[in-house]
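The values are calculated or read from the model by the stated rules, or taken from the named source; none is laboratory data. These numbers come from a predicted model, not from an experiment. Cβ atoms come from the backbone with ideal geometry, glycine included; neighbour counts cover every protein chain shown. The accessibility values were calculated without ligands, DNA or RNA, using every heavy atom of the protein model including side chains. Shrake-Rupley method; radii C 1.70, N 1.55, O 1.52, S 1.80 Å.
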Amino acid sequence: MKPKVLIVGKANVGKSTLFNRIIGEKKSIVHDLPGVTRDFVYGETEWDGVSFTVIDTCGIFENAQSYIEEKQKSLIFQSRKEAALILFVVDGRNGLTSEDFYIADNLKRYSNKVILVANKAENYDKFEIEVKPELYSLGFGDIIPVSAEHNRNITELLDEIVNFLVKHELTSFIEDAEQTSEEIIKVAIVGRPNVGKSSLFNSIIGIERALVSEIPGTTRDSIDYEVEIEGQKFSFIDTAGLRKKSTVSYGSIEMFSISRSIRAIERSDVVVLVVDALEGITRQDKSIIGLAEDRGKASVIVFNKWDLVKNKQQKKEEFLSSIDKEFFFVNYSPIVFTSAAKKWGIDELIASIEEANRSRNKRIQTSLLNAALERYIMASPPPIKKGKRIKFYYAAQVGIRPPVFVFYTNLPNDVPKYYQQGLRNMIRNYVDPFIGSPIFLKFKESKPSRKKSDIKGKIQSSKK
């Protein structure tokens, strides 16, 4: 298991911005559903060969004004013990408040694993003279000044994190992490209320050939079920129904249940979206599966209650033809028709989950990718931007879970959305379909070298 680095602090000190900088992507915690920004957000990253999990938390209020604020504060303080390291973030621009001292008092017991981080310290001279001396009164020793917004001193903070993890033998190296990632597939079953999620969940864990054991969820307030089916281990998470924000009262217990469901998506490998086959696809279904796609999770779409559908063949054709229109952004997802009540389609669902997880962990050869890119560029030349032809020199896969590809180009900020989608389609059509897994693209500036001139030459010849 990867060590956990917990980010804590009062509201509005830039914890989420720092979280995004550490994991190297904008993993927004804001969504139409209420309360998302009040919940834990998980991200995985690595630095200098060491892999670890970063946890972003909501702002801690000394005097909580609602049930949600009090509950979240309690959960954050409960998480102190299991965290390998705590980043206590304070305001490096305006100094301390009573809430900082309140949080410090609650962290004193764990001071041996606290790093004090002063964010918003872009004005370094002002920080050194006016703010830094005051921060020593918190009692955590040395302070690391950073500016998450301006990306200053982040590498020094990452060095400090890794040095701490290595020193205390809490490291999880990338090679080990990738080996264990395939041992247990974490699956979140999500959907609107009353679509049959719990029934489907029970049908899966009730399979006679499965070995079932109940284990506590990492979030403490939910239960995961570890299941072994034909030698493959799964951890299934049953979740509360996700409803429109207009139907949920702010600060209600139901809102907190929705937040737990979103958290389940965050820590899963594969998200199974359950759709009511009698009602068909709704806007809320699209919103839910969008959460999974945004967070880089593999996905499987299930039409449940299939036993109650009349004219099954006609209905199936209608659903399959509507996928490209309604679920165009996840049209790579396997489609399964199930009846939880009659246990129809369970074997096919398990097989689809395994296939989607394999795709999310898949690596491809750089030579195959660049051969496909060369063919694609010849058939569909890149557009002209700012009076220049966009040129692609080469591409490489740089990550998994989900697969991430970097394209090196002369104009990385000017590749239009339609051409980006064309590159995704190129990968799926000519390299690997990556069934069930999203594909993320990045573009970096590069100048051609002698070793990287082949594709460039092809591009230039295609222009003539």
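For this structure, a couple of remarks:
- Using the Cβ-Cβ distance between residue 420 and residue 152 with R0 = 30 Å, the FRET efficiency computed as 1/(1 + (r/R0)^6) comes to roughly 0.50.
- Across 136, 102, the residue with the most accessible area heads the list, and the full order at a 1.4 Å probe is 136, 102.
- Where 401, 360, 152, 109 fall by accessible area, highest first, once all protein chains stay in place (1.4 Å): 109, 152, 401, 360
- Largest-first ordering by accessible area, 1.4 Å probe, given options 234, 164, 101: 101, 164, 234
- In terms of packing, defined here as the mean over residues of other Cβ atoms within 10 angstrom, the peptides 313-324, 268-279 line up highest first as 268-279, 313-324.
- The solvent-accessible area of residue 347, taken with every protein chain present and a 1.4 Å probe, is close to 90 Å².
- A simple packing score, the average count of other Cβ atoms within 10 Å per residue, orders the peptides 421-432, 13-24 as 13-24, 421-432, with the highest score first.
- Heavy atoms of residue 236 accessible to a 1.4 Å probe, total area in Å² rounded to 10: 0 Å²
- In this rough spin-label picture, where each label sits 7 Å from Cα along the Cβ direction, the residue 166-residue 400 distance is 2.5 nm.
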